Amino acid sequence: MSLIPVALVGVGNCVSSLVQGLFHYANGGSNDEQGLMHWDMGGYRPKDISVVAAWDVDSRKVGKDVSEAIFAKPNCTAVFCDHVGQTGAIVQMGRILDGVSPHMASHPDHRRFLVSDAPEPTKAEVVESLKRSGAQVMCNYLPVGSQQATEFYADAAITAGVAFVNNMPVFIASNPVWAEKFRSAGVPIIGDDIKAQLGATIVHRMLTDLFAKRGVTLDRTYQLNTGGNTDFLNMLNRERLASKKESKTEAVQSVAHTRLDDENIHVGPSDYVPWQNDNKVCFLRMEGRMFGGVPMNIELRLSVEDSPNSAGVAIDMIRCAKIALDRGLAGPVLGPSSYFCKHPPVQVTDDEAFTAVEDFIAGVTVN
Ligand SMILES: NC(=O)c1ccc[n+]([C@@H]2O[C@H](COP(=O)([O-])OP(=O)(O)OC[C@H]3O[C@@H](n4cnc5c(N)ncnc54)[C@H](O)[C@@H]3O)[C@@H](O)[C@H]2O)c1
């Protein structure tokens, strides 16, 4: 058994990048450190993480070893590791609930989820499977809008005593009711909604903080994003989008000197462009006033492969969850949540969150 056995929920593009990364960084040569924020974290290295259980609902993934399922359609992210080995973890049929949006049915099979007709598990079966696997940390990668499904797996993690890393924008760590459930069960949680390594959110936040610190009044801003993966296809269903928009918008609002009126800030996934696949393009504009009220603006275009952009952050979140387990922490782990997530229980600037997470890792602060 590895030092950090992990269970994965939703074997999509982000999990593909995460699992490829675990093999890519497993050997530990000095060049391999590039691309990670931390190599050694509290004594844990990326190679100390292994996948021991996984759930999905797609017929092309269920029943396969995770190492094969990550390359099955509709996954479309970059393949950067040519030596992904068998994990021994076979993707199990998950509980569907609200994980799959009906509008996907009108898109080609290779672009959408194809739901398996395998029997769905009960919560008790998921708990039993988690315990049998020895998983210590569960990572949630369900599609945006999967409120019931996320609550189902979070509940299973609590019952099994497994730490929860919530990478998507259903509010669990930042929801006081759920935070208390984790706290009273003695289980740590990091969330919500992973903040990518160098993505639209961190760039927009840093620039917003820069405006505030340099005394420039921010009057208006937008952040438009396009992509061609299933995350973007799923988000064409606007009804699923409320928490994602709140998470992304609040991430920017929370570091502004003065909150912008709702009509002066627009942040969100904007359109689905199939040929972009996992390439995400962000168009960002900020309009402000400088010394003497003189106007200025910034236009920025950011192009990134979406899923690898989150995987190194996930490797850090998993290790922080393990450190929290080692320290017997329960409920939301605040520093790591603030630094690694868009919608944490406590919003601070990224500079403050960086200090908080480094202090947490070093043991200077408990949580
Ligand atoms: N890429 C990033 O940088 C980033 C950043 C922040 C948040 N996220 C979020 O992470 C999540 C995962 O992103 P992704 O690109 O991997 O998505 P994806 O669409 O590639 O993967 C989702 C997976 O979940 C599976 N699934 C659907 N319903 C399920 C259920 N009920 N039980 C088990 N599995 C189910 C699907 O079959 C699919 O394999 C999304 O919510 C996304 O918004 C990603």
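The values are calculated or read from the model by the stated rules, or taken from the named source; none is laboratory data. In this text the structure is predicted, and so the values were computed from the model without any measurement. A quick note on method: Cβ atoms are made from the backbone with ideal geometry, for glycine too, and the neighbour counts reach across all protein chains shown.
Hey, does region 286-300 have a residue that's within 16 Å of the ligand (Cβ to nearest atom) and at pLDDT 95 or above?
No - not one qualifying residue is present in region 286-300.
Right, V267: crowded, with 19+ Cβ neighbours inside 10 Å, in a strand (DSSP E or B) and β-branched (V, I, T) or not?
yes
Table: residues versus (1) surrounded by fewer than 24 Cβ atoms within 10 Å (Cβ to Cβ); (2) within 18 Å of the chain's Cα centre (by Cα); (3) within 16 Å of the ligand (Cβ to nearest atom).
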{"position": "L142", "(1), (2), (3)": "no, yes, yes"}
{"position": "S146", "(1), (2), (3)": "no, yes, yes"}
{"position": "F164", "(1), (2), (3)": "no, yes, yes"}
{"position": "V170", "(1), (2), (3)": "no, yes, yes"}
{"position": "A173", "(1), (2), (3)": "no, yes, yes"}
{"position": "S184", "(1), (2), (3)": "yes, no, no"}
{"position": "P188", "(1), (2), (3)": "no, yes, no"}
{"position": "I194", "(1), (2), (3)": "no, yes, yes"}
{"position": "Q197", "(1), (2), (3)": "yes, yes, yes"}
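If you go through region 342-361 one residue at a time, how many are more than 30 Å from G268 (Cβ to Cβ) and touching a residue at least 12 places away in the same chain (Cβ under 8 Å)?
Qualifying residue count, region 342-361: 3.
So, in region 58-100, how many residues would count as being in a strand (DSSP E or B) and either free of Cβ contacts under 8 Å to residues at least 24 places away in the same chain or surrounded by 24 or more Cβ atoms within 10 Å (Cβ to Cβ) (or both)?
Summing the residues that are in a strand (DSSP E or B) and either free of Cβ contacts under 8 Å to residues at least 24 places away in the same chain or surrounded by 24 or more Cβ atoms within 10 Å (Cβ to Cβ) (or both) in region 58-100 gives 2.
Restricting the search to region 202-228, which residues are of a type in the set (S, T, Y), over 21 Å from E246 (Cα atoms) and assigned to a helix (DSSP H, G or I)?
Of everything in region 202-228, nothing turns out to be of a type in the set (S, T, Y), over 21 Å from E246 (Cα atoms) and assigned to a helix (DSSP H, G or I).
I'd like the full set of residues that are within 17 Å of C14 (Cβ to Cβ) and hydroxyl-bearing (S, T, Y), limited to region 36-80.
S67, T77
For region 44-57, which positions are crowded, with 21+ Cβ neighbours inside 10 Å and outside any strand (DSSP E or B)? First the steps, then the outcome.
So in region 44-57, the residues crowded, with 21+ Cβ neighbours inside 10 Å come out as 44, 46, 49, 51-57.
Across region 44-57, the qualifying residues are P46, V57.
Of V294, V313, V333, V346, which residue is of a type in the set (A, V, I, L, M) and farther than 30 Å from A160 by Cβ?
V294
Of all helices (runs of 4 or more DSSP H) completely enclosed by region 286-367, which ones contain at least 3 residues that are over 14 Å from the mean Cα position of the chain (by Cα) and outside the structural domain of N229 (by TED's automatic domain parsing)? Don't jump to the end; show me each part of the working.
Details: elements: 308-326, 334-340, 350-362.
Once the helices (runs of 4 or more DSSP H) in region 286-367 are filtered for at least 3 residues that are over 14 Å from the mean Cα position of the chain (by Cα) and outside the structural domain of N229 (by TED's automatic domain parsing), what remains is 308-326, 350-362.
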